[in-house]
Amino acid sequence: MSTRPVAARWRQLAGLVARRLGVTLVLLVGVTIVTFSLVQLVPGDAASANLSEAAQADPEVVAAYRDKWGLDDSIVERYLTYMGNLLHGDLSVSQVDGRSVATSLGDYVPATLELAIPAMLIAVVLGVSIGMLGAVKRGRVTDQVIRFGALVGLSTPSFWLAIVVLYVFFFVLGIAPNGGRLSPQFAPPPEVTGMYTVDAALAGQWTVWWDAVQHLMLPVLVLSCLTVAMLIRFVRSSMLEVMQQDYVAAATAKGLPRRTVLGRHVLRAGLAPVLTVSGLAFASMLSGTVLIEQVFSWPGLGQYAYRSASSLDLPSIMGVCLLVALIYMLMNLVVDFLYGVIDPRIRG
């Protein structure tokens, strides 16, 4: 087989990724302008929110605080200062604890990753399998049960499901921990990735690893259930649309096995819209699921964003917003790349 078509295909994919990267950079600059403007318009005063009552009573302390953080400068001056620092990789420091925003994000993001990755993998496997089963069994009892289950899943508020799961498995059955990342008797494993399950496995601390897995189970279960319900509906409707195409009927008429028709013709063509939904769902998980993290006392990005917003910590809010925007853009980039792999028509 000639390698020329393969090389041309990869050149097309590389061109597609390069174009999307260019658009992503332009969008990121736009996001900084919009986000910075919105953060500056938040009601309230950072000095009043972060200084103690005794400090607020001293005009010199207040003036020094406002001068340090440039609170009296114009919004344009503050934006240019922020962008100048950002171009050097500096996300500034927190107005609350004085820590580097980048360092704090580096502490919280691994916890969210540890939660989101297994939840998304479980959701994709179950969502695609059950959604495709519903499409194949269309109109039968199996399909009705699947559609009802998906509807219930989509209608259930995330915080309510989290509370119910925690009540049943911790309080009633006593087979799961009540929150956090580790039990009090265990110390965190030596940090490599920041994800306790991975770091404990790398260090060979299997009792710590099992404890970390047990703490993961309930929040992952809740996140997976909510995402599975959404994917089931998208996969089912997408597969039904493809199964009505003429080329699928022609493949069936030629006598191809049903498994081949479903796997080679239906599943591949129906995956494109599912990729978009999966990418957005994963980005949503990575950007922080505030309520679920709050119920399970999970120190992830959602809790960091909540604390930053409640204390008017403007540099931290800005850092979270930029990270969330970057996550969504990167996920769109990955989805576009996978589109190019699945559908050659969009590579040009």
What translational diffusion coefficient, in µm²/s and rounded to a whole number, does the Stokes-Einstein relation yield for the range 75-161 at 20 °C and a viscosity of 1.002 mPa s, taking the hydrodynamic radius as the Kirkwood radius over Cα pairs?
123
With a point put 7 Å past each Cα toward its Cβ, work out how far ALA309 is from SER37 in nm, to one decimal.
2.1
Lys/Arg +1, Asp/Glu -1 at C-beta; the chain dipole; positive extreme among THR103, VAL125, VAL324
VAL125
Enter the angle in degrees (range 0 to 90, nearest 10) between the Cα long axis of helix 206-243 and the first principal axis of the Cα atoms of the chain, meaning the one along which they spread out most.
50
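Stretch ALA187-VAL334 to full length: gain in nm at 0.36 nm per residue minus the Cα-Cα span?
Full extension from ALA187 to VAL334 adds 49.3 nm.
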Once ligands and nucleic acids are excluded and a 1.4 Å probe is used, how much of CYS225 is accessible, expressed in Å² to the nearest 10?
60
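State, as an integer percentage, the relative contact order of the chain based on alpha-carbon contacts under 8 Å between residues 6 or more apart.
28
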3J(HN,Hα) from dihedral phi, the range 298-307, Karplus parametrisation 6.51/-1.76/1.60, rounded to Hz, x for glycine, proline:
8, x, x, 5, x, 5, 5, 5, 5, 5
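Where the eigenvalues come from the Cα gyration tensor of the range 32-104, what are the semi-axes √(5λ) of the equivalent ellipsoid, largest first, in whole Å?
Working: eigenvalues 101, 44, 26 Å².
Ellipsoid semi-axes (Å, largest first): 22, 15, 11.
With all protein chains present and a 1.4 Å probe, how do LYS137, LYS68 order by accessible area, largest first?
From most accessible down to least: LYS68, LYS137.
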Once each part is reduced to its C-alpha centroid, what is the distance from the range 52-103 to the range 202-273 in angstrom?
47
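What does the convex hull of the alpha-carbon atoms of the range 89-211 project to on average, in nm²?
Numbers: hull surface 48.4 nm².
Taking a quarter of the hull surface, the average projection is 12.1 nm².
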Set of the range 194-232 residues, backbone N closer than 20 Å to the point 7 Å along the Cα-Cβ line of LEU173:
210-229
Long-range amide H contacts for VAL93: which residues qualify at under 5 Å (H placed 1.01 Å from N, peptide plane, sequence gap of 5 or more or a different chain)?
VAL101
How big is the Cα convex hull of the chain in projection, averaged over all directions, in nm²?
24.5
Tell me, what HN-Hα J-couplings in whole Hz come from the Karplus equation 6.51 cos²θ - 1.76 cosθ + 1.60 at θ = phi - 60° for each residue of the range 107-114, using x for Gly and Pro?
7, 8, 4, x, 5, 5, 4, 4
The correct ranking of HIS215, HIS88 by accessible area at 1.4 Å, largest first, is HIS88, HIS215
What percent of all Cα-Cα pairs in the range 206-289 falls in each 5 Å bin, counting up from 0?
3, 13, 17, 15, 13, 12, 10, 8, 6, 3, 2, 0
How much solvent-accessible surface does ARG138 expose, in Å² to the nearest 10, with a 1.4 Å probe and all protein chains in place?
140
How far is helix 141-155 tilted off the main Cα axis of the chain, in degrees rounded to 10, range 0 to 90?
10
Within the accessible area of the range 71-167 (1.4 Å probe), percent carbon and sulfur:
68
Can you give me the % of accessible surface on the range 189-348 that is carbon or sulfur? Probe 1.4 Å, all protein chains present, nothing else counted.
65
Cα-only Debye scattering, the range 1-135: base-10 log of I(q)/I(0) at q = 0.10, 0.15, 0.17, 0.20 Å⁻¹:
-0.64, -1.01, -1.13, -1.25
If the chain between ALA272 and ARG258 were fully stretched, how many nm would it gain, using 0.36 nm times the residue separation less the Cα-Cα distance?
2.9 nm
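In whole percent, what relative contact order does the range 259-331 give with Cα contacts below 8 Å and a gap of six or more residues?
About 29 percent, as a whole number.
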For the range 65-190, what is the accessible area per residue in Å², given a 1.4 Å probe and the full set of protein chains?
57
About its Cα centre, the range 225-278 carries a charge dipole, from +1 on Lys and Arg Cβ atoms and -1 on Asp and Glu Cβ atoms, whose size in debye to the nearest 20 is 200
Run the numbers on the range 1-132 and let me know its relative contact order in percent, using alpha-carbon pairs under 8 Å that are six or more apart.
12
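The values are calculated or read from the model by the stated rules, or taken from the named source; none is laboratory data. Quick caveat: nothing in here was measured; it's all calculated off a predicted structure. With ideal geometry, Cβ positions are generated from the backbone for all residues, glycine too; neighbour counts draw on all protein chains shown. Accessible surface areas use protein heavy atoms only, side chains included; no ligands, DNA or RNA. Shrake-Rupley method; radii C 1.70, N 1.55, O 1.52, S 1.80 Å.
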